[in-house]
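Right, one structure below, let's go through it.
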Amino acid sequence: MKAEASWLWVNSRHPFGTLTLSIAKLFLFVPPLSDWAKVLMFGDTEAIAPVPGSGRSHPKQGFSTSGPLPYLGKGEISDPHSGLFQSFSLPQTAAMTKILPWGHFLPTDEAGFILNDCHWDKILPPWTALVEELRQTCWGVWDSRLQALYLRGSVPRGLAILKVSDLDSFAILAGEITDEDIHQAHKISETLNRRYLFCKKVELILFDESLTQKTHSIWPIIIQTQSLQIAGQPHPLSENKTKPGLDLISYSYTWHTDLEQTLDILKRLSPQSCQFSTQVKKQCAWITRRMIRVGLELVMEQNSGYTPDLYHCYERFSTYFPEHRSSMRKALELAIDPSRNLPGLIIFLQEVGGWLATQVNQKFYSSPVGEVSTNKRP
């Protein structure tokens with residue numbers, strides 16, 4: 001049968017504040033239309049929506065980054081594998097994701113070595129009280145076993161935003177990490193989450209020394225370039241110096257495994273689960289953040305700069321891969337405002353993530369044998 005569709009039209013706001021999507025004249029069989037599905041599902045602010053069978057494209061309706069998503073509602077998409085139709089329902093949202101050029105590339109010295117820009121003086125109220133309670137609590141729980149406690153992310157760099165930023169921390173303990181240690185770490189995080197509501201999430205990861213020494217682990221690099229030690233004895237890794245380049249490649253080595261395991265997790269999630277939306281969004285945020293940082297690693301040698309900040313990773317990648325700018329922009333939006341729409345997320349990861357895996361293989365040859373995914377969550 002001939003696939004035919006006329007114009008896709010999105011109504012303005014309904015009196016009840018909802019958006020409706022009407023599709024005129026749509027007949028089976030429509031071939032796999034993953035780009036169309038992505039735009040419909042995600043409301044891509046960069047792209048336009050191809051209209052199947054018409055040879056035309058649906059131009060973006062006039063809207064600003066503070067306006068409603070232009071492509072929201074309920075409808076049907078073609079399954080990219082079977083060609084059959086699946087129904088989908090999109091989450092309503094009041095505003096587009098607003099992207100700000102937050103952060104910067106890490107400074108370097110005259111010889112080109114990266115300078116760690118974390119400092120105690122950059123931790124400002126009300127974050128200081130939270131950091132101090134974390135420090136004292138970890139001392140109280142692990143005492144002499146606590147070899148080092150670090151902060152990373154926006155808080156020790158003076159870039160934290162109230163009710164947006166997390167407090168990211170990790171501890172190195174003497175001896176084997178036990179189930180009781182993990183339980184205590186969860187308990188500390190949960191207690192601080194309840195007490196300090198301006199912080200989006202308190203993260204506390206536990207390591208023993210052997211893990212930080214693992215080949216291609218991201219943690220030695222994080223300690224060297226973007227962490228602040230707030231407890232314990234000075235760790236020898238923090239004295240090492242690094243230049244932007246191959247020594248900083250970390251996310252790329254596990255990208256293929258991370259992508260495959262994330263897709264597997266997503267495909268096994270049950271829509272009937274009470275935690276379905278939360279789990280989809282959790283996986284979405286985690287994998288798209290890594291996607292953006294893999295993008296920077298692909299161009300790091302040409303760029304001669306390094307940053308953990310997502311916006312600047314996206315911008316620098318787009319300089320060298322302008323034809324993939326809109327895809328990486330979508331990854332940035334999803335990292336900041338994760339989607340709970342499972343079908344669209346899977347399509348996006350398969351296409352964009354798969355292309356990224358090919359680029360990684362071409363540039364860095366193959367992933368080290370035995371390297372495991374870092375997608376480890378309770």
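The values are calculated or read from the model by the stated rules, or taken from the named source; none is laboratory data. Quick caveat: nothing in here was measured; it's all calculated off a predicted structure. For neighbour counting, all protein chains shown are included, and Cβ atoms are generated from backbone atoms with ideal geometry for every residue, glycine included.
Observations
- Residue within segment 173-189 that is surrounded by fewer than 15 Cβ atoms within 10 Å (Cβ to Cβ), in a loop (DSSP other than H, G, I, E, B), assigned by TED's automatic domain parsing to the domain that holds GLN226 and touching a residue at least 40 places away in the same chain (Cβ under 8 Å) present: no
- Within segment 137-168, if we keep just the residues that are of a type outside the set (A, V, I, L, M, F, W, C), under 16 Å from HIS186 (Cα atoms) and in contact with a strand residue (DSSP E or B) (Cβ under 9 Å, 6 or more places away or on another chain), the residue that is surrounded by the most Cβ atoms within 10 Å (Cβ to Cβ) turns out to be ASP168.
Let's see how each residue does on (1) out of contact with any Lys or Arg (no Cβ under 7 Å at 6 or more places or on another chain); (2) buried (at least 18 other Cβ atoms within 10 Å of the Cβ); (3) on the phi > 0 side of the Ramachandran plot:
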site	(1), (2), (3)
SER252	yes, yes, no
GLU260	yes, no, no
ILE265	yes, no, no
GLN283	yes, yes, no
ARG289	yes, yes, no
LEU298	no, yes, no
CYS313	no, yes, no
ARG316	yes, yes, no
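- Those helices (runs of 4 or more DSSP H) of segment 276-378 in which 1 or more residues are in contact with a strand residue (DSSP E or B) (Cβ under 9 Å, 6 or more places away or on another chain) and modelled with pLDDT of 90 or more occupy 342-348.
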